[in-house]
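Each remark here refers to the structure printed beneath this line.
The values are calculated or read from the model by the stated rules, or taken from the named source; none is laboratory data. Since the model is a prediction, treat every value here as computed from it, not as a measurement. No Cβ is skipped: glycine too gets one built from the backbone with ideal geometry, and neighbour counts run over all protein chains shown.
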Amino acid sequence: MDLNQLLYDIDNNLGQEDFESLKFLCMGLIPNKKLEKMRSSLDLFEELQKSGELSEDNMFILPELLYLIGQHNLLKKLNTNKSAMNEALIKEGYISMYRRMLFELSESITKEDLRSIIFLLDIPSKFKENKNFLDILCYLDKTEVISEDNLEVLEKVFRNVSQDLLRKINQYKESKEPLMPSAPTENTQLSEPQFSIQAVSSTDMEFHGDDLDSIREHIEEVQELPSGKDVETENDIAALSLQDRTESEVYPMNQKCRGYCVIINNSDFLKSDTRTGTEKDAEYLKRVFSWLGFEVVVYNEQKAQQIRDIMNSFQMKDHTERDCFVCCILTHGQSQAILGTDNEVVKINVIVSTFSPQNCKTLAGKPKLFFIQACQGKNIQGAHLIEEDAAVSTTKTIPNAADVLIGMSTVDGCFSYRHIEMGTWYIQALCSNLIKMVPKGEDILSILTKVNRDVSEKEYSKSGNLLKQMPQPAYTLRMKLVFPIPTSDFKEYF
């Protein structure tokens, strides 16, 4: 395949957001006036060819750009992968550390952060509507409000908005060294590192005062799973035992229908407070998993026995021509259990074991995902913008069956938050990152790591207490789970 054909194929796999990211990263390599006139990634690639940064003999900038914007699945077209590029860019690269640091900041900004940043910055009004953080960074960079050696404006803003983002700037200032462009002598073919998320141990968090307007969600503690070593070279692969996962070990996702996605959404309870805002979570989950190719079925206001009946009915279905199974439960809960609207309990391990290989043979060997946003529902104060769910102590437990992932909204004994208009922090972050990262070829554990990060950076202050949240995924997956890239944009589902 010649270079132009390769660039054409890559362009067909990039969206408008990817194109804007590429333009930002190439500021300094391509004059701003030329960047402003570009309408597609092909225009950008053509200019890089004209300037000599990209040629058949020197293609390093191409995988570098794809790596930085998160299009890791396209690296295979260039005979490399994420692991190889991560190692290569420690020593070489065309894009400066300054530009990479700014882009990383933009990738970490939440909508709430962006509103605060726009409010705090002295920028023209045209940048205060329908703008993203990359647009703002471009303006600040072009007007020389910020530069490689002058980041005071951003530092001042992030002191108020996000200490984590401020740390990224400080790390850049401490370690910045110019990256010299260099093309590798040969295409590196390394296997991508395996991903592992371990269950974290619980820690108690105490809050004082009776005026905490949030919902503290229930979570059961799970056993810690061993993490495998990273795969870094082809020689390493030969040395690994058969049980270690490699890049080629991915759950098959080739059926016409991805599978069933069951959503249990409980809002009104016999003895517990209403879970206001949960309808936002349910609608978001429905749209996202429909976009991913699932047959979504939503059940609202289900009693405990009705929940058991629903699980049993899907256990009896034939999943032969489906790739996996997803179950999302949005309700109140207590230790090791979720509640029906009648306040009767359903044990979480019973729900999960319903779909074990011996109980549901057509799902044997296929991934089964459970995302649980469960609350205690007792002694709750009046709900305002944010509510608090209560949880009690738990015992250690994890499903014995393989191919299971349980995503809980928080670690045991800690708080989880639900906005009465926007939905829960956890479900909103989960959906948002599925939309953003599935088209980039990321696996489910990488996506949940980003969910952990996004939720952990949120905070809510009430009555002098700083409230935080840390989600907890636990899994017995044997392979990587990568959802196929949808053929349509997510916006079509709105």
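General remarks:
- Within the option set Cys431, Cys324, being hydrophobic (A, V, I, L, M, F, W, C), part of a strand (DSSP E or B), buried (at least 21 other Cβ atoms within 10 Å of the Cβ) and at pLDDT 90 or above holds for one residue only, Cys324.
- Test: residue in segment 255-268 that is under 27 Å from Asp318 (Cβ atoms), in contact with a strand residue (DSSP E or B) (Cβ under 6 Å, 6 or more places away or on another chain), part of a loop (DSSP other than H, G, I, E, B) and not basic (Lys, Arg): yes
- Cβ-Cβ contacts under 8 Å between residues 6 or more apart (or on different chains), taken from a first residue in segment 459-480 that is of a type in the set (Val, Ile, Thr) to a second residue that is crowded, with 18+ Cβ neighbours inside 10 Å and modelled with pLDDT of 85 or more, are listed as Thr476/Asp403; Thr476/Val404; Thr476/Leu405.
- Taking segment 314-342 as the range and being among the aromatic types (Phe, Trp, Tyr) and touching a helix residue (DSSP H, G or I) at 6+ places or on another chain (Cβ under 7 Å) as the test, only Phe325 passes.
- Checked against the criterion of being at pLDDT below 50, surrounded by 14 or more Cβ atoms within 10 Å (Cβ to Cβ) and in the same structural domain as Phe370 (by TED's automatic domain parsing), segment 246-256 has at least one qualifying residue.
- When segment 342-357 is limited to residues that are over 28 Å from the mean Cα position of the chain (by Cα) and part of a loop (DSSP other than H, G, I, E, B), the one that is farthest from Ile264 (Cα to Cα) turns out to be Pro357.
- Complete set of residues in segment 123-156 that are outside any loop (DSSP other than H, G, I, E, B), modelled with pLDDT of 85 or more and hydrophobic (A, V, I, L, M, F, W, C): Phe133, Leu134, Ile136, Leu137, Cys138, Leu140, Val153, Leu154
- All positions within segment 60-88 that are of a type in the set (D, E, K, R) and more than 20 Å from Glu107 (Cβ to Cβ): Lys76, Lys77, Glu87
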